[in-house]
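The values are calculated or read from the model by the stated rules, or taken from the named source; none is laboratory data. Just so it is clear, the structure is predicted and the values come from calculations on it, not from any experiment. Every residue, glycine as well, gets a Cβ built from its backbone with ideal geometry; the counts of neighbours run over all protein chains shown.
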Amino acid sequence: MSHHSHLPPEVDEAVRSFIRRHKRGLRWGCLATALLALLLTLVVAWGLFRGAGRLKDWVAGKAPAISLPLGWEKPLGDAALAQLRGQFRFVTDRKILDPLNQLAAPLLAGLTNSSDRFTLFVTESKEVNALALPGGYIVFHRGFLERARTAEEVQGVLAHEMAHVQKRHGVLQLVQNIGLDLAIQQVQGGESRLLDTLVRDSGQLLGLKFSRNHERAADDLGWELLEKAQINPEGMVSFFAGLKTATDAGGAPPISLLSTHPAPQERIDRLRQKQAALARQDFKSFTPEFRALQSGLGIILERP
């Protein structure tokens, strides 16, 4: 019995006739549809694989740069800075801010890239910490400035934080924390949704723990910035080494700067090797600016 027997005879014959006349075309049409479906599947799979591969590179710190637009960094920094203002009082006293900016001036003067713009802030927090935010915002907690023993220690940490910004480490870590969904959104081209996601989670920038690769890269670039500005890079070594010694000896509570910028002995030794290989040169003295900063902080000046 024909499987078209429920159709009227004339309709059944018309269907059979159409199939006989167009049998080859129908066969090619089915094949083309199958190939198109396979191609679309491969494109989607490649896109997801490419996104996952990018994320893997970001997580490992191997990617030299990420494809997020530089113009997105300021909104991210603005959002994180606004959250920080909600947590701490910010210093407005020019007796503190002016000498700090004077200590920073030689480092900032050496920047040639027009996209590198840095603004320094100080909070009233007693935490020994400093933060580098996208958009060129460097935030020092008062506790850090009060603990620094020389101008070079302040400048060394500043150069290190500037390097984190220039290397875009904060954004890299933020992307890693948000996860694979962010990479998929980028592959799919949802730029506005991607930026909204980053801004929403920008508070994570306030407590990031950088990888060892990122810390080494920031040390190296920061060291270059200091030498270029004729500032003795020894301050970077002495500050981080001093914090680690105090923590290891149990003579100080956990230090925030070490939790966000880990300084294992390997890193300290590496900095000391750079110091030993440092070519002898005439470094500039910034003692007057540092003493002015100490005075603004209310520190009793005991050293000449």
Please work out which residue is modelled with the lowest pLDDT, limiting yourself to the stretch 65-85 and to residues that are assigned to a loop (DSSP other than H, G, I, E, B) and over 12 Å from the mean Cα position of the chain (by Cα).
Ser67
Suppose we filter the stretch 208-236 for residues that are in a loop (DSSP other than H, G, I, E, B) and more than 14 Å from Gln155 (Cβ to Cβ); how many remain?
4
Taking the stretch 139-178, which residues are in a helix (DSSP H, G or I), under 17 Å from the mean Cα position of the chain (by Cα) and of a type in the set (Val, Ile, Thr)?
Val157, Val165, Val171, Val175, Ile178
Among the residues of the stretch 115-134, the number that are surrounded by fewer than 23 Cβ atoms within 10 Å (Cβ to Cβ), out of contact with any strand residue (DSSP E or B) (no Cβ under 8 Å at 6 or more places or on another chain) and not basic (Lys, Arg) is 2
Could you please let me know if Leu205 is touching a Gly at 6+ places or on another chain (Cβ under 8 Å), modelled with pLDDT under 85 and part of a helix (DSSP H, G or I)?
yes
Here is a list: Phe118, Phe88. Which entry is at pLDDT below 95, in the same structural domain as Pro288 (by TED's automatic domain parsing) and touching a helix residue (DSSP H, G or I) at 6+ places or on another chain (Cβ under 7 Å)?
Phe118
In this structure, does His141 turn out to be under 30 Å from Phe283 (Cα atoms), touching a residue at least 60 places away in the same chain (Cβ under 8 Å) and assigned by TED's automatic domain parsing to the domain that holds Lys244?
yes
Condition first: at pLDDT 80 or above and not in a helix (DSSP H, G or I). Now tell me which residues in the stretch 255-302 satisfy that.
Ala277, Leu278, Asp282, Phe283, Lys284, Ser285, Phe286, Gly298, Ile299
